[in-house]
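Data block below; observations after.
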Amino acid sequence: MAEVKKNEEPRIGVFVCHCGTNIAGSVNIQEVKDYAASLPNVVVSNDYQYMCSTPGQNMIVEAIKEHNLSGVVVAACSPRLHEPTFRNATKTGGLNPFRFEMANIREQNSWVHMHQPEEATKKAKDAIRIAVAKASLLQDLHPKSVPVEKAAMVVGAGVGGMQAALDLANAGIKTYLVEKTPTIGGRMSQLDKTFPTLDCSQCILTPKMVDVYRNENIELLTYTEVEGVEGYIGNFDVTLRKKARGVLTPDEAEARGIVGGGCNGCGDCVDVCPVIKPNPFELGMAPRKAIYIYHPQVVPLIYTIDFDSCVKCGLCVDACGDKKAIDLEMQDELMTVKVGTVILATGYDIFPIEKKPEWGYKNYDNVITSLEFERLICASGPTGGKLIRPSDGATPKRVGFVLCAGSRDNTGVGRPYCSRFCCMYSLKHAHQIIEKIPGAVPYIFYMDIRSFGKMYEEFYYRIQDEGAKFIRGRVANILEDPETKNLYIKAEDTLLGRPVDVEVDMVVLAAAVQPSAETERTRRLFGVSCSQDGWLLEAHPKLNPCGTTTAGVYLAGVCQGPKDIPDTVAQAEGAASAASIPIHKGAVELEPYFAQCIEEKCAGCGLCVNLCPYQALSLVEKNGRKVMQVTEAKCKGCGTCGGFCPGGAIWMQHFATPQIIAQIDAFLLGGEE
Amino acid sequence: MADENWEPKIVAIICNWCSYAGADLAGGARIQYPPDVRAIRVMCTGRIDPLFILKAFQDGADGVLVSGCHFGDCHYLEGNYKAAKRMFLLKTVLKNIGLDDRRLRMTFVSASEGAKWAKVIEDVVNTIRDLGPSPLREFAR
């Protein structure tokens, strides 16, 4: 690699991209190119239709050699898109790749000033002048290569998290699967059937749950939450809180010297437990004891004590007998695991639809949510699969379905987005009613039916043929007859242009979905951004839908935005593939934006040491005085220390004070008047 | 008030992860906003030495915008808190040297807030246009 000598006059090449008409449509390229050629230190200025194309990149490579350039400026799109491309070209030309600077004249110029060509051209000139000023002061930098821990973590064990964990494990990677509830399976295990194939949800899910349990590379950590995260790609130290379950697994029992003991899932403890609580898995529609499992197919089959309601009577301890599985004094445990990459699959919750009082949820007995419907129609649910209405246990013959309940809602109460799978599951619910209850009629109140997936539209036709009534219109309100507890749905049929008032026995609200309650806390621990609605933000909506802006952290499933099971599984497989790449490569390069101490300026005051969020700085004795020292592997390059050093003794590589001052000066003092 | 040919010079020092990404998003969505602001990218607003802002004003900037992630969203945990503290203090300094402290503005624009970025720029430009040229402008150069 060519080392540019110190004190040598900078020799900068500027390359202006047309990006077809994306930039050239509003920026006068010729004028900008000529202007760039007139700037101090610029020895060559050129333009090309598409700088990112092979000929465009070759232009940079050739110019570096021909003009012995010390720095390269490309004025094109955002550095967030093509900085890596042009750094590579710079490297190919024989320069250190960090002697490259990009001027963003597309996203932050031509695209936002489309009808102001003069202003856009002036702004592009300024942007290039600023970039040239920085490029003139850039230095050779060398990325640090760090080894990647050969292990991964998946947070959330719904169908997405399980699939991701299985893929990673099957690729030979040790995978920690962390789940906050006592069992894996997530939302999908609460569903009865899945659209459009009408597969039994549990029947297709439980084999995967068993696979996860049996996989030697998966360490299953149920009833466990992420407590803290330190480190960076390749080397995350994740602290986990293993919540006190009160029940020992056979392995844990053996570790305590109880031979042949531990929970075997017999359930004798449940029979004697005197405390009765609503079962959250059944959405409160069925009871459970203080010692419980969610449902018969839980994985792992280990009982859990709810210590918030347990009265510690000890009856379960006696019932458990020689297995000695129950420990009423069990405490939470903290453990730290080291992993190279992390996948977040934290799923969703149901929007609290009682916030829309016009539909009467929690006010009228016979208004339920779709998830409650799933449990009521499910053979393993609280009613054994017999659909009854809550007020009197009667079989409903007329059922109203309210779609977009809280979704596509711009009132500020609900959610503005489409929840994406409610149309399809409501069609499925309509089918199930027709199938199970002879003569039953579903009334589906919809805004639009979004049946966009494979075989979805066909399913929609099938339900139409089966006799479901479709009424296109948003439901204004629902009223209850206090005697019969029947409901009157009031809406406008927008296709007929007249109001309708339909009497039904039961109403099912297809409530919107929202990020699960833990999503916000978890994303902050991992430093992942979110979109305005709280869904986790992918690195790029189209080209990097599984990645995040935190290197080494990936997304799977609904936590990134509403999606159905096929899409969740597909994204999970994508995330697993992405998360396995650094692990299989074995090493990752960290951008060398480290802080450096300019020791002759450092007074050893130590202010920076406390400012650093990563404990990367420390004070050391050197030549009889204290100076700051940087641990490069810990430094993430934020520059918080460099922004505060009273002596200006911290050199932030690639964002050094003289470089930034040069940019400010170039803009304000260097322009044409 | 300003002479007719005056065009405001506004420096925006913005963080890579939130506000710069938000500005890129505004571009992708073709949300049009006034062209008077020039952006300088840093990795985090925590990097911003008050010196940078004073230098910009010394150089004759009419306004400075500092924009980072929302509180709690900082890519580097807490750089934006530290930046906000510094900017708060710096506003006092600006007042003491006779500059209207509205010439310095700190905002929080996330990577998903393209429309908000456009609004912020519009707002900043309007504020600076109302305030007129910086009184330090004639001393610059």
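A few comments on the model shown:
- Pairing residues of segment A:533-554 that are at the interface with another protein chain (Cβ under 10 Å from one of its Cβ atoms) with residues that are open to solvent by 50 Å² or more (accessible area, probe 1.4 Å) and among the acidic types (Asp, Glu), at Cβ distances under 9 Å and at least 6 apart in sequence or on separate chains, gives no pairs at all.
- Any hit, segment A:424-438, residues being surrounded by fewer than 19 Cβ atoms within 10 Å (Cβ to Cβ), in a loop (DSSP other than H, G, I, E, B), modelled with pLDDT of 95 or more and not acidic (Asp, Glu): yes
- The set of residues in segment A:251-265 being under 20 Å from residue A:307 (Cα atoms) and part of a loop (DSSP other than H, G, I, E, B) consists of A:262, A:263, A:265.
- So residue A:391, is it surrounded by 20 or more Cβ atoms within 10 Å (Cβ to Cβ) and small (Gly, Ala, Ser): no
- Pairs where the first residue, in segment A:457-469, is charged (D, E, K, R) and the second is in a loop (DSSP other than H, G, I, E, B), C-beta under 8 Å, 6+ apart: A:457/A:451; A:458/A:196
- Number of positions in segment A:11-68 that are part of a helix (DSSP H, G or I) and hydroxyl-bearing (Ser, Thr, Tyr): 2
- Selection status of residue B:100, open to solvent by 10 Å² or more (accessible area, probe 1.4 Å), within 28 Å of residue B:138 (Cβ to Cβ) and of a type in the set (Asp, Glu): yes
- Residue match in segment B:101-110 (condition: in contact (Cβ under 8 Å) with a residue 60 or more places away in the chain, outside any helix (DSSP H, G or I) and hydroxyl-bearing (Ser, Thr, Tyr)): yes
- Extreme residue, least open to solvent (accessible area, probe 1.4 Å), among residues of segment A:442-452 that are part of a loop (DSSP other than H, G, I, E, B) and at pLDDT 95 or above: A:451
- Strands (runs of 3 or more DSSP E) enclosed by segment A:492-544 - at least 1 residues per element that are polar (S, T, N, Q) and farther than 26 Å from residue A:389 by Cα: A:513-515
- Summed over segment A:88-106, residues that are surrounded by 24 or more Cβ atoms within 10 Å (Cβ to Cβ), out of contact with any Leu (no Cβ under 8 Å at 6 or more places or on another chain) and charged (D, E, K, R) total 1.
- Of all the listed residues (A:173, A:204), the sole one being open to solvent by less than 20 Å² (accessible area, probe 1.4 Å) and touching a strand residue (DSSP E or B) at 6+ places or on another chain (Cβ under 8 Å) is A:173.
- Leading residue by the ranking (nearest to residue A:549 (Cα to Cα)) among those in segment B:89-100 that are of a type outside the set (Ser, Thr, Tyr) and free of Cβ contacts under 8 Å to residues at least 12 places away in the same chain: B:95
- Of residues in segment B:117-135 being open to solvent by 50 Å² or more (accessible area, probe 1.4 Å), touching a residue at least 24 places away in the same chain (Cβ under 8 Å) and over 14 Å from the mean Cα position of the chain (by Cα), the one nearest to residue B:16 (Cα to Cα): B:129
- Among (1) within 9 Å of chain A (Cβ to nearest Cβ); (2) farther than 29 Å from residue A:124 by Cβ - the single one residue B:75 does not satisfy: (2)
- Residue list for segment B:87-141, filter: closer than 27 Å to residue A:111 by Cα, within 13 Å of chain A (Cβ to nearest Cβ) and hydroxyl-bearing (Ser, Thr, Tyr): B:110, B:112
Residues checked against (1) at the interface with another protein chain (Cβ under 8 Å from one of its Cβ atoms); (2) under 11 Å from the mean Cα position of the chain (by Cα):
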residue: B:27; (1), (2): yes, no
residue: B:33; (1), (2): yes, no
residue: B:39; (1), (2): yes, yes
residue: B:48; (1), (2): yes, no
residue: B:55; (1), (2): yes, no
residue: B:64; (1), (2): no, yes
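- Residues that are out of contact with any Pro (no Cβ under 9 Å at 6 or more places or on another chain) and of a type in the set (Val, Ile, Thr) were ranked within segment A:112-134; the one that is nearest to the other protein chains (Cβ to nearest Cβ) is A:130.
- Any hit, segment B:57-71, residues being without any contact (Cβ under 8 Å) to a residue 12 or more places away in the chain and charged (D, E, K, R): no
- Looking only at residues in segment A:73-111 that are in contact with a Pro (Cβ under 8 Å, 6 or more places away or on another chain) and either in a strand (DSSP E or B) or facing chain B (nearest Cβ under 10 Å) (or both), the one that is farthest from residue B:43 (Cα to Cα) is A:109.
- Qualifying residue in segment B:63-71 (condition: more than 30 Å from residue A:552 (Cα to Cα) and surrounded by fewer than 23 Cβ atoms within 10 Å (Cβ to Cβ)): no
- Being within 14 Å of chain B (Cβ to nearest Cβ), open to solvent by 50 Å² or more (accessible area, probe 1.4 Å) and without any contact (Cβ under 8 Å) to a residue 40 or more places away in the chain is not true of residue A:137.
- Any strands (runs of 3 or more DSSP E) falling wholly within segment A:281-378 and containing at least 1 residues that are open to solvent by less than 20 Å² (accessible area, probe 1.4 Å) and assigned by TED's automatic domain parsing to the domain that holds residue A:201: A:333-339, A:341-344
- Flag for residue A:467 being in the same structural domain as residue A:502 (by TED's automatic domain parsing), open to solvent by less than 70 Å² (accessible area, probe 1.4 Å) and over 23 Å from residue A:503 (Cα atoms): no
The values are calculated or read from the model by the stated rules, or taken from the named source; none is laboratory data. Owing to the predicted nature of the structure, the values given are computational and were not obtained by experimental measurement. Virtual Cβ from ideal backbone geometry, glycine too; neighbours counted across all protein chains shown. For accessibility, only protein heavy atoms count, side chains too; no ligands or nucleic acids. Shrake-Rupley method; radii C 1.70, N 1.55, O 1.52, S 1.80 Å.
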